[in-house]
1. Just checking, how many residues over the range 118-129 are open to solvent by 30 Å² or more (accessible area, probe 1.4 Å) and within 22 Å of LEU53 (Cα to Cα)?
2. Scan (1) open to solvent by 30 Å² or more (accessible area, probe 1.4 Å); (2) at pLDDT 85 or above for the single condition LEU115 breaks and write down its number.
3. Taking the stated definitions as given, is VAL96 in a helix (DSSP H, G or I), of a type in the set (Val, Ile, Thr) and either at pLDDT below 70 or under 37 Å from the mean Cα position of the chain (by Cα) (or both)?
4. Going by the structure shown, is THR140 β-branched (Val, Ile, Thr) and farther than 27 Å from LEU179 by Cα?
5. Out of all the residues in the range 66-75, is one or more modelled with pLDDT under 90, open to solvent by 70 Å² or more (accessible area, probe 1.4 Å) and either among the hydroxyl-bearing types (Ser, Thr, Tyr) or touching a Gly at 6+ places or on another chain (Cβ under 8 Å) (or both)?
6. For ILE142, are the conditions met, namely being open to solvent by 10 Å² or more (accessible area, probe 1.4 Å), farther than 19 Å from VAL61 by Cβ and either free of Cβ contacts under 8 Å to residues at least 40 places away in the same chain or part of a helix (DSSP H, G or I) (or both)?
7. Here's a check for you: in the range 74-93, which residue that is assigned to a helix (DSSP H, G or I) and among the aliphatic types (A, V, I, L, M) is nearest to VAL161 (Cα to Cα)?
8. Looking at (1) under 16 Å from the mean Cα position of the chain (by Cα); (2) in a helix (DSSP H, G or I); (3) free of Cβ contacts under 8 Å to residues at least 24 places away in the same chain, which is the only condition LEU119 fails?
Amino acid sequence: TMWNNGAMSGQVYPPPPPAMVPQPQPHGQVAANNWAGNDANTLLVVATLITTLTYQLGCSVPGGYWQDTLAADGKQKPHEAGDPIMRDKHPQRYWVFMAASWMGFLASMMMTLSLLVRLPVDSRQVRWSFAVAYSSLVLTFIVSQAKTHISIDIVIWLVTVVFLWLMISVRPDHRERILRFFCCNREK
């Protein structure tokens, strides 16, 4: 019978449970710089948080919204209830704020999608989208404070993008030299 043949050949009844299936490893490859040491899942969480923040920033403009409707009377600029106050009082600052908010949103979505399709963590697309998304958050914060000239805000944003790009793209030993150059701990 089958039972006897199975018992005689060393098979055990009931059969043992199947072997544990190995868990998939994170898809970020560890490379020469510390940026690639980040786990893709960690970067997905960061990208999701940046997406959430930039979306929320775009929906709730600093300064609030007009509560009433004002018709054109020659003295004040007309507005309708629900219009952003910042758009009427500081139009340049409003459009830079909105552009930064949506740029950060799009860059963080690009980072999320790049990681979901398993692009390597140290790929240029993932690094660049992170630098743009994070620096766009910085720009939205600076623009919303309205204490500096708009051109200075844009220069600060550009410096932030370059700094982030250098910090996540350069090897650690070169990164130390760059930091030493810009910080007060210069070697004499």
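1. Number of matching residues: 3.
2. (1)
3. Yes.
4. Numbers: β-branched (Val, Ile, Thr): yes; farther than 27 Å from LEU179 by Cα: no.
No: the conditions fail for THR140.
5. The answer is yes, given that some residue of the range 66-75 is modelled with pLDDT under 90, open to solvent by 70 Å² or more (accessible area, probe 1.4 Å) and either among the hydroxyl-bearing types (Ser, Thr, Tyr) or touching a Gly at 6+ places or on another chain (Cβ under 8 Å) (or both).
6. On the way: open to solvent by 10 Å² or more (accessible area, probe 1.4 Å): yes; farther than 19 Å from VAL61 by Cβ: no; either free of Cβ contacts under 8 Å to residues at least 40 places away in the same chain or part of a helix (DSSP H, G or I) (or both): yes.
When the stated conditions are applied, ILE142 does not pass them.
7. Residue satisfying both the conditions and the ranking: MET86.
8. The number of the failed condition is (2).
The values are calculated or read from the model by the stated rules, or taken from the named source; none is laboratory data. Computed from a predicted model, the values in this text were never measured in an experiment. Note that we place each Cβ from the backbone using ideal geometry, even for glycine, and neighbour counts take in every protein chain shown. SASA here: full protein model, heavy atoms, side chains in, ligands and nucleic acids out. Shrake-Rupley method; radii C 1.70, N 1.55, O 1.52, S 1.80 Å.
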